[in-house]
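J.: Structure in structure tokens, see below.
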Amino acid sequence: KVNCHGVTFYVQNKCSFPIWPAVAPNSGLPVLASGGFYLPCGDTRRIDVPWGWSGRIWARTGCDFTSNWNQACETGDCDGRLECNGLIGKPPATLIQIAVQADKSKLNFYDVSLVDGYNLPVAVNSKPISSKCTILGCHKDLKTTCPDELQVLNEEGRVVACKSACLAFDNDRFCCRNAERFERSEDYANIQSYLNKDSSSRAKNLRANTIKGSKSVVLSLDDHEEITDEFRGVKVWWQSKTHQIESRSNPYQPKTEESRFYILKCHIRDRKVITNEYIDHVKEEGKKMELKKRERKLYSNNPSHSWSGYKQTKWSHVTFEHPATFETLAMDNKMKEDIKNDLTKFRNSQDYYKKIGKAWKRGYLLYGPPGTGKSTMVAAIANFLDYDIYDLELTTVKDNTELKRLLIETAGKSIIVIEDIDCSLDLTGQRKQKNEEEEDEDEISMIEKQMKKGQGEDKGSQVTLSGLLNFIDGLWSACGGERIIVFTTNFIDKLDPALIRKGRMDKHIEMSYCGFEAFKVLAKNYLNVEDDDLFQEIKRLLEIEEIKMTPADVGENLLMKKENEAKEICLTRLIDALKEEKEEPKRRIEVDEKKKKEEEEIKRKKREEKKMKKEEKGGPPVISKVKSRGGWFK
Ligand SMILES: Nc1ncnc2c1ncn2[C@@H]1O[C@H](COP(=O)(O)OP(=O)(O)OP(=O)(O)O)[C@@H](O)[C@H]1O
């Protein structure tokens, strides 16, 4: 309702349950109605909106402000507070957007928007009624028709809101990020990175920005600054420009937008080189730099019960900051170079994969005993390629459908890792059968096995081998592109051959015990020594005596135990440990034999006890049954 002080809004609750409406102004404008209030079923609350105010109103549902939780409402929550005080609500929630003009002669705007999803039916009408101000709203309860992927469930499993596809899937198509505009801004970022490469030494004035998702402060050319560049003997001039444009399309947004762009100048005679080659070169180089700059992420999959509701994500992430590189990785140098070449070839082969009609992905199988650096290798690969990592814990994935849904939420330029694949799934059908036959002899362990089996079937993951194979090379695996899939295992023999055949796991890498070359890398990492008199003895022990020690154990011995511990002490400690390791197999055999004897003794005693019990019960004592002339007697 329009009056001389402004516009009055009446918020009425027509639901059969209470709601908690909330009001958030656009930036710099006053908070109205304390930002939020309680509204029982059937009640109305008046809000006076001054001229020039714009912002949003939405309703929260299922609130409980008695505890100190960060989230008090099932939908539309604003940091667990009753009075939002300028905070906007957590989507999804049906929004009313309002823009009251400062100039009374101009039209005011309102609308009901589902851009942030839906939680309640909402309608707005105007007084005085005018042909230009129609009743706007969404009267239907969309929660009843909300697709599974968009549903938000409360703790009782009831649908309380429906996400927008943008919120659920976060991709350009659903988020209406205009394709042309998006590409242009990506190009701008790439050109900016290219020009920033050494503009700090060439430009007089620079701008410094902190950008979300970027590792460090980003320096760029200041407005109207000009720098030169050279490409194949051709000189070009770049100038950074800004331009203010009036945006009339959306009355709820600020009136002007800043547009940034670069002007590229060259001699007319060089135009062909510039348009045919230079611009592509700049974009390509800039893209590589952008990739290097961005903060990388380590994702882990959430159990499916938290895919809907408040958490609403299939993957959680932290910043990936593992320091491992191929330089610090202890392994044979030739193998290292071979892996690096393979990765580089993969990264640069987009066109090749397209040409041969294969999805742009590659499988790596890392196998070897614990502590030989399989996880470290994954980190080194991620750092080498500047990729994100998706660490997939298969045991929390319920079935093949869930596995597929997780896969389609992974982005390109990433490594998907399944560690200890042999422990994640029962991929060992044949072996298991054989083991069972062996165990048949042992009555007790068989019963235990049955019990375990029963429990496992109820609770465990039902992802199957075929589901996993589909994950690796089914149709869905092609979406996203530029992905490396890594399996790690301590027992390669346990894996089904179908899983690790070439084409699926293209490269099999054995991570093994520490050789002398690998030791030298560790000595450099841990002690910063490249040579020492003690190296010869270590070489002898590793190469001639063939003593097996994992890089993890070698590293542990080289690690300084005290501040400034002498390098010789650390190297001597390693030599002692290697010598001890030499005796280890002999010692292990002795221990094993002793253990075996003890076990046999226990079994023998058990058999005796069993026999005694049977005799006590009066059953026929088996051993003392003797055949005599004329018949059997005890
Ligand atoms: N080849 C290696 N190069 C450098 N460091 C290594 C290497 N192998 C092991 N390490 C060190 O040992 C630790 C354990 O290694 P890592 O977790 O990578 O081994 P893994 O083979 O994945 O073991 P697991 O099979 O038990 O998961 C790492 O923190 C790393 O510091």
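The values are calculated or read from the model by the stated rules, or taken from the named source; none is laboratory data. What you see is a predicted model; the values in this text were computed from it and never measured. Heads up, the Cβs are rebuilt from the backbone with ideal geometry, glycines too, and the neighbour counts pull from every protein chain shown. The accessibility values were calculated without ligands, DNA or RNA, using every heavy atom of the protein model including side chains. Shrake-Rupley method; radii C 1.70, N 1.55, O 1.52, S 1.80 Å.
J.: What is the distance, in nm, between label points placed 7 Å from the Cα along the Cα-to-Cβ direction at residue 188 and at residue 582?
T.: Between residue 188 and residue 582, the label points sit 6.9 nm apart.
J.: Using label points projected 7 Å from each Cα along Cα→Cβ, tell me how many nm separate residue 561 and residue 603, to one decimal.
T.: So the label points at residue 561 and residue 603 sit 4.1 nm apart.
J.: Long-range amide H contacts for residue 151: which residues qualify at under 5 Å (H placed 1.01 Å from N, peptide plane, sequence gap of 5 or more or a different chain)?
T.: 163
J.: Something else about it: If you place +1 on the Cβ of every Lys and Arg and -1 on the Cβ of every Asp and Glu, how big does the dipole about the Cα centre of region 494-542 come out, in debye to the nearest 20?
T.: 500 debye
J.: Give the long-range amide H neighbours of residue 38: residues separated by 5 or more places, or on another chain, with amide H under 5 Å away, using H modelled in the peptide plane at 1.01 Å from N.
T.: When sequence neighbours closer than 5 places are left aside, there are no close amide H contacts.
J.: Shifting gears a bit: Run the 1.4 Å probe and let me know the accessible area of residue 273, rounded to the nearest 10 Å².
T.: Result for residue 273: roughly 40 Å² accessible.
J.: Something else about it: Mind giving me the nanometre distance, one decimal, between the label points for residue 352 and residue 123, set 7 Å out from Cα along Cα→Cβ?
T.: Label at residue 352, label at residue 123, 6.4 nm between them.
J.: What ³J(HN,Hα) values, in whole Hz, does the Karplus curve 6.51 cos²θ - 1.76 cosθ + 1.60 give for region 86-95 when θ = phi - 60°, with x put for Gly and Pro?
T.: x, 6, 8, x, 7, x, x, 7, 5, 10
J.: Sequence-distant or interchain residues sharing an amide H contact under 5 Å with residue 49, placed H: which?
T.: The list, which skips near neighbours in sequence, is 7, 8, 9.
J.: Given R₀ = 60 Å, FRET efficiency for residue 408-residue 548 by Cβ-Cβ distance, to 0.05?
T.: Efficiency, rounded to the nearest 0.05: 0.90.
J.: What figure in square angstrom, to the nearest 10, would you give for the accessible area of residue 294 with a 1.4 Å probe?
T.: 60 Å²
J.: A follow-up question, please. If I take R0 = 51 Å and measure r between the Cβ atoms of residue 327 and residue 268 in this structure, what FRET efficiency does the formula 1/(1 + (r/R0)^6) give, to the nearest 0.05?
T.: 0.60
J.: Express the C-alpha Rg of region 499-565 as a ratio against the empirical globular expectation 2.2 N^0.38 Å, rounded to two decimals.
T.: 1.42
J.: Ok, one more. Any idea what the dipole of region 31-171 comes to, in debye rounded to 20, about its Cα centre with Lys/Arg Cβ at +1 and Asp/Glu Cβ at -1?
T.: 700 debye
J.: Right, something else. Would you kindly state how much longer the chain becomes between residue 132 and residue 175 on full extension, computed as 0.36 nm times their sequence separation minus their alpha carbon distance, in nm to one decimal?
T.: Answer, rounded to one decimal: 12.6 nm.
J.: Quick one: Karplus J couplings for region 487-502, per residue in order, coefficients 6.51, -1.76, 1.60, θ = phi - 60°, nearest Hz, x for Gly and Pro?
T.: 10, 10, 8, 8, 10, 5, 5, 6, 7, 5, x, 4, 6, 10, 5, 4
J.: Follow-up. For region 67-141 and region 546-566, what is the centre-to-centre distance using only Cα atoms, to the nearest Å?
T.: For region 67-141 versus region 546-566, the Cα centre distance is 63 Å.
J.: Less than 18 Å from a label point 7 Å out along the Cα-to-Cβ axis of residue 115: which backbone N atoms in region 23-65 qualify, by residue?
T.: Hits in region 23-65 for residue 115 at 18 Å: 23-29, 53-59.
J.: To continue, here is another question. Suppose the chain between residue 87 and residue 34 were pulled fully straight at 0.36 nm per residue; how much longer would it get relative to their current alpha carbon spacing?
T.: Here the segment from residue 87 to residue 34 would lengthen by 18.0 nm.
J.: When the Karplus curve 6.51 cos²θ - 1.76 cosθ + 1.60 is applied with θ = phi - 60°, which whole-Hz ³J(HN,Hα) does each residue of region 504-512 get, with x for Gly and Pro?
T.: Per residue, the Karplus-derived 3J(HN,Hα) values read 9, 9, 5, 10, 9, 10, 8, 9, 10 Hz.
J.: Let me ask you something else. Would you tell me the accessible area of residue 606, worked out with a 1.4 angstrom probe on the heavy atoms of the protein chains, in Å² to the nearest 10?
T.: About 120 Å², rounded to the nearest 10.
J.: Rounded to the nearest 0.05, what FRET efficiency do residue 65 and residue 575 have when you use their Cβ-Cβ distance and R0 = 56 Å?
T.: 0.25
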